[in-house]
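Data block below; observations after.
Only the coordinates and a few stated rules stand behind these numbers; no lab work does. The model shown is predicted, which means the values in this text are computed figures rather than measured ones. A quick note on method: Cβ atoms are made from the backbone with ideal geometry, for glycine too, and the neighbour counts reach across all protein chains shown.
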Amino acid sequence: MQTVPFANGDAMPQLGLGTWKAAPGVVGAAVAEALRLGYRHIDCAHIYGNEAEVGQALAEAFRAGLKREDVWITSKLWNDAHAPDDVRPALEHTLKNLGLDALDLYLIHWPVAHKRGTVMPETAADFVDPDDLPLSTTWAAMETLVDQGLTRHAGVSNISVPRLRALVEGARHVPEVNQIELHPYLQQADMLAFCRDAGVHLTAYSPLGSSDRPAMLRGENEPVLLEDPTVAAVAARHGASPAQVLIAWALRRGTSVIPKSVNPARLAQNLAAAGLALNDEDMTALAALDRGVRYVSGDFWVFPGGPHTLETLWGEA
């Protein structure tokens, strides 16, 4: 398995297992099977509501002989814990759920702050104005977690280039990862270039087009990435599946990638994509598919009178 190197010598497996949308009751079995197959990178988040079950699967794997240091585990800070005094307790809760002493990577899940105890906002009043709680303030608390050894690395997620640039310029510890939606319909070349220059790694979520996300997150008549004719043609040339092509595309770009599945056969197929070598012709064909399609648009953070718009969220304002 190829890895992504960090300045301290750590290495993150480039292909991991995502656990978003993996329901309680099935996610544990999926993690256990993934580890059995050879996955060594598990991506979690408090808001997914399944970390305790993931933790049980990890504990069983460790009891069976898998070494903790051989598994990279990521989790994320939810939006209602952005205040400095809330950041460490949030991580400690995640560590308890996962049964770990420390994470390999902890991310700020969104550049959006809710009032404490508000899991999902219902009105504009449920948000904390960015002027009252800047992202840089939350980031300073994340840096302290690294100092304290509760996470080996810290980063961000769903952050635009302007916000990431501001954090990099003012940080004591530069954010080491930005986890964002990336696939051939949303290639984000500007972000890719900025991160290469700034020494920030990119992780691609929803790399297969997130066709199984909740109905509330779906748009009308949205294109289905896994059914794209160009993706299918590349797959046919290599005797691969469209999903394997999409994963291999992310790997070829140098990003890490975290496809989610709870199906044992698909878990194996996704892992096998690490051995699929796309050529320059394939990459040129897939590059032509970029159309700015966000399957996770962020519109659930936009309320009348609220502090966020899609333009400011994605750095387009």
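Values for this structure:
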read-out: Calculated P(r) tail over 38 Å for the chain, as whole % of Cα pairs; value: 9
read-out: Segment 240-309: C-alpha gyration tensor shape, a/c 1.5 cut-off, then a/b vs b/c; value: oblate
read-out: Packing rank of 58-67, 73-82, where each peptide gets the mean count of other beta carbons within 10 Å, highest leading; value: 73-82, 58-67
read-out: Fraction of beta bridges assigned by DSSP in the chain that are antiparallel (%, nearest 5); value: 15
read-out: Contour excess over end-to-end distance, with Cα ends at THR284 and ASP86 and 0.36 nm allotted per residue; value: 66.7 nm
read-out: Only Lys, Arg (+1) and Asp, Glu (-1) charged, at Cβ; the chain dipole about Cα centre in debye; value: 800
read-out: Taking the chain and dividing mean pair separation by its residue count, relative contact order in percent (alpha carbons under 8 Å, at least six apart); value: 19
read-out: FRET efficiency, 1/(1 + (r/R0)^6) with R0 30 Å, evaluated for GLU227 and VAL26 via beta carbons; value: 0.75
read-out: Extended-chain gain in nm, criterion 0.36 nm per residue less alpha-carbon gap, PHE300 and ALA52; value: 86.7 nm
read-out: Computed E for GLU169/ASP101 - FRET, C-beta separation, R0 35 angstrom, nearest 0.05; value: 0.60
read-out: Mean Cβ neighbour count within 10 Å, used as a protection proxy, ranking 198-204, 227-233 highest first; value: 198-204, 227-233
read-out: Difference of contour (0.36 nm per residue) and Cα-Cα distance, ASN263 to GLU316; value: 15.3 nm
